[in-house]
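Bear in mind these aren't lab numbers, they're just calculated from the coordinates by the rules spelled out. What you are looking at is a predicted structure, and each value in this text was computed from that prediction instead of being measured. For neighbour counting, all protein chains shown are included, and Cβ atoms are generated from backbone atoms with ideal geometry for every residue, glycine included.
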Amino acid sequence: MKKHNFYAGPSILNRGVIENTASAVLDFAGTGLSVLEVSHRGKEFDAVMAEAQQLFKELLDIPEGYEVLFLGGGASLQFYMIPLNLLKKKAAYINTGTWATNAIKQAGYVDKVFGTTTEVLASSEDKNFTYIPKNFTIPEDIDYFHYTSNNTIYGTEIRKDFDCKARLVCDMSSDIFSRPIDVSKYDAIYGGAQKNLAPAGVTFVVIRKDALGQVDRPLPTMLDYNTHIKKGSMFNTPPVLPIYTALQTLKWYKELGGLKVLEKRNLEKAETLYTEIDRNKLFRGTVAEEDRSIMNVCFVMKDEYKELEPEFATFAAERGMIGIKGHRSVGGFRASLYNALELEDVKALVATMQEFEKKH
Ligand SMILES: *Cc1c(COP(=O)(O)O)cnc(C)c1O
């Protein structure tokens, strides 16, 4: 039976990308060695790193003056590195979910040690993060405004680059490469690669070089972006295999035609599933319609059918639907529709929902 992979992360990768990785695990770039056992200082891996950075810039249309880094530590380490490197006096955040909460908490540690201020402009915690707050003004006198573009757990998304005087910083872990963005508005964009790019183990950071070197606190070597910029992401051993796979994904994105094409595919997949959720008498979406994510679609059974949830979980699993259990903080179901997922996978889920509806 065909499996349809809706995991939230680590998550689906394109089949060709996996095959290319598998073949490099056996023989990397004609070296007769596995990509698992080569030096990251060798010329073959050098070429992988260089091409991955170049394609990353090309696909996102990153202007001059920015660096792309591939680091360890996950998006979760960036929650601290961002304020440590960029927060001089005051930063502003919005709280739109678990990951935003974590980012705010880490900025709080920088505040505690260095006397800076992290202001939370707005939060949607009052309604379990089911919407994106809209009534707030981004101050002008801040070092940066931080937000989470896609709330992986709750299924809300901010699909535009904020229009404001302040510089932007964004956690784009789960929607990077899902649509075009205007990188020139950002001082930093970061994320774990395990949603739309690669297997777990590598973190991408797009950083504007002019934003660095402006804090006067001492920065520990590994937590200083300039360390990694100077050494081309090879100050210490980078995650070689995930970077190799990231390059295969980036090549596939380019072959497909880039971010506009990916966005169109993603909108179509999301629309297909949301249309069914709204039509089907058993289900309902969990978040405000205008804030619905095109990457993570959260839905539950209507109150009068609530007790059918475990039955639907089994029913769907029997039809090859993998990873649709909702996060424990939302319950119900979540289907992640990352770039590598095809429309036919979504159609299979829709057909399953319709079949289940007929049964009841
Ligand atoms: C998955 C995720 C994270 C956590 O990433 P790690 O690499 O596990 O630290 C942070 N933010 C968002 C939006 C995520 O989806």
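Tabulated data for the structure shown
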{"item": "Protection proxy ranking of 313-319, 80-86 - average other beta-carbon atoms within 10 Å, highest first", "result": "80-86, 313-319"}
{"item": "Chain lengthening between residue 58 and residue 137 when straightened (0.36 nm per residue, less Cα-Cα)", "result": "25.2 nm"}
{"item": "Greater than 30 Å apart at Cα, pairs in 2/127; 209/269; 105/165; 88/251", "result": "2/127; 209/269; 88/251"}
{"item": "All aspartates and glutamates inside 14 Å of residue 306 as judged from Cα atoms, apart from same-chain residues fewer than 8 positions distant", "result": "357"}
{"item": "Label zone at residue 2 (point 7 Å along Cα-to-Cβ), backbone N below 17 Å, the range 273-289", "result": "273"}
{"item": "Choice from 214, 54, 248 with maximal GNM fluctuation in the chain (Cα, 10 Å cutoff)", "result": "214"}
{"item": "Viscosity 1.002 mPa s, temperature 20 °C, Stokes-Einstein D of the range 1-72 from Kirkwood C-alpha radius, µm²/s", "result": "145 µm²/s"}
{"item": "Highest-fluctuation residue, 220, 238, 180 considered, GNM on the chain with Cα pairs under 10 Å", "result": "220"}
{"item": "Alpha-carbon centroids, the range 128-202 and the range 306-360: separation in whole Å", "result": "27 Å"}
{"item": "Positive-end residue of 11, 50, 177, charge dipole of the chain with Cβ unit charges", "result": "11"}
{"item": "Counted charge near residue 244, where neighbours are those whose Cβ lies closer than 12 Å (Asp, Glu -1; Lys, Arg +1)", "result": "-1"}
{"item": "Additional length obtainable on full extension of the chain from residue 164 to residue 47, 0.36 nm per residue less Cα span", "result": "38.3 nm"}
{"item": "Size of electric dipole in the range 1-48: Cβ of Lys, Arg +1 and of Asp, Glu -1, about Cα centre, debye, nearest 20", "result": "280 debye"}
{"item": "Positive-end extreme of charge dipole, the range 204-318 - chosen from 295, 258, 215 (charges on Cβ)", "result": "215"}
{"item": "GNM flexibility winner over the chain from 52, 91, 122 (Cα, springs under 10 Å)", "result": "122"}
{"item": "Rel. contact order, % - alpha carbon contacts under 8 angstrom, at least six apart, the range 210-325", "result": "13 percent"}
{"item": "Inter-label distance, nm, simple model (7 Å from Cα along the C-beta direction), residue 264/residue 36", "result": "4.0 nm"}
{"item": "Relative counts (whole %) of C-alpha pair distances in the chain, using bins that are 10 Å wide", "result": "5, 24, 31, 24, 12, 3, 0"}
{"item": "Positive-end extreme of charge dipole, the range 38-121 - chosen from 63, 38, 109 (charges on Cβ)", "result": "109"}
{"item": "Percent breakdown of C-alpha pair distances by 5 Å bin, ordered from the shortest bin, for the range 73-158", "result": "3, 16, 27, 23, 19, 10, 2"}
{"item": "Length-normalised contact order for the chain - Cα pairs under 8 Å, 6+ apart - percent", "result": "23 percent"}
{"item": "Per-residue [θ]222 nm for the chain (sum of -39500 (n - 2.57) over DSSP H runs n ≥ 4, rounded to 500)", "result": "-12000 deg cm²/dmol"}
{"item": "Size of electric dipole in the range 207-339: Cβ of Lys, Arg +1 and of Asp, Glu -1, about Cα centre, debye, nearest 20", "result": "600 debye"}
{"item": "Relative contact order for the range 129-260, counting Cα pairs under 8 Å that sit 6 or more residues apart, in percent", "result": "18 percent"}
{"item": "Dipole moment magnitude, nearest 20 debye, the chain about Cα centre, only Lys, Arg, Asp, Glu C-beta charged", "result": "240 debye"}
